[in-house]
Amino acid sequence: MEAQKKIRKIKKIIQGQNTSDGAGVKLKRILGSQELNQLDPFLLLDEFKNDNPDDYAAGFPDHPHRGFETITYMMAGAFTHRDSKGNEGHLTAGSVQWMTAGRGIIHSEMPEQKDGLAWGYQLWLNLPKKFKMIEPKYQDLAAENYRLWTRTESGSRYWRASTRA
């Protein structure tokens, strides 16, 4: 028996807000604005997408995080991550960086490129109270080391896994 489909109406559309972060990187804040600030565990979602190096070249120099996780997905471009625990990672198109700040970490995310498109997303996830003071961790997930799930056809309920090329 097929589950009943419930049609929901869109109540409100909220546009992302243009802002800057780090050392002046221009980005669009999708979650974490005044209108969308109560979505725990989702604290923030930013999109950075720019082909003007003046808008991203200064990057995100050393800054602290504590009590949450950041997940960064790169669509285009390249950044280098370094942190106070000695981790270093290189984010390129299709790669994912997962950092658990836990009890605290200082890190930087700096562009490796001098021109071209830099495009990615960063999501901040609040850690549950019992995990807020865990040891910080860092993972780099290279595009070729995970599978991408795509719909087999428009509107289909079926998905297909493929390796990233």
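Just a few scattered comments:
- Each residue in Leu27, Leu123, Leu141 was given a count of other beta-carbon atoms within 10 angstrom of its own, and listing them fewest first yields Leu141, Leu123, Leu27.
- Counted charge near Gly59, where neighbours are those whose Cβ lies closer than 13 Å (Asp, Glu -1; Lys, Arg +1): -3
- Taking a straight Cα-Cα cut-off under 19 Å and skipping sequence neighbours fewer than 8 places away in the same chain, the lysines within cross-link reach of Lys49 are Lys26, Lys28, Lys114.
- Based on Cα contacts under 8 Å between residues 6+ apart, the chain shows a relative contact order of 22 percent.
- Seen from Ala118, the other residues with C-beta closer than 12 Å to its C-beta sum to a net charge of -4, counting Lys and Arg as +1 and Asp and Glu as -1.
- Positive-pole candidate from Ile10, Leu31, Asn50, dipole of segment 6-71, charges at beta carbon: Ile10
- The order of Ile30, Ile14, Ile105, Ile7, going from fewest to most other C-beta atoms within 10 Å of their C-beta, is Ile7, Ile14, Ile30, Ile105.
- Cut-off 15 Å (backbone N to label point 7 Å along Cα→Cβ of Lys11), residues of segment 30-63: 35-40
- Going from the fewest other Cβ atoms within 10 Å to the most, the residues Met110, Met75 appear in the order Met75, Met110.
- Per-residue HN-Hα couplings for segment 80-97 [Karplus 6.51, -1.76, 1.60; θ = phi - 60°; Hz; x = Gly/Pro]: 10, 9, 9, 9, 6, 9, x, 7, 9, x, 10, 8, 10, 3, x, 8, 10, 10
Read the figures in this text as sums done on the coordinates, not as results from a lab. Since we're looking at a predicted model, the values are computed, not measured. As a convention, Cβ positions derive from the backbone with ideal geometry for all residues, glycine included, and neighbour counts pool all protein chains shown.
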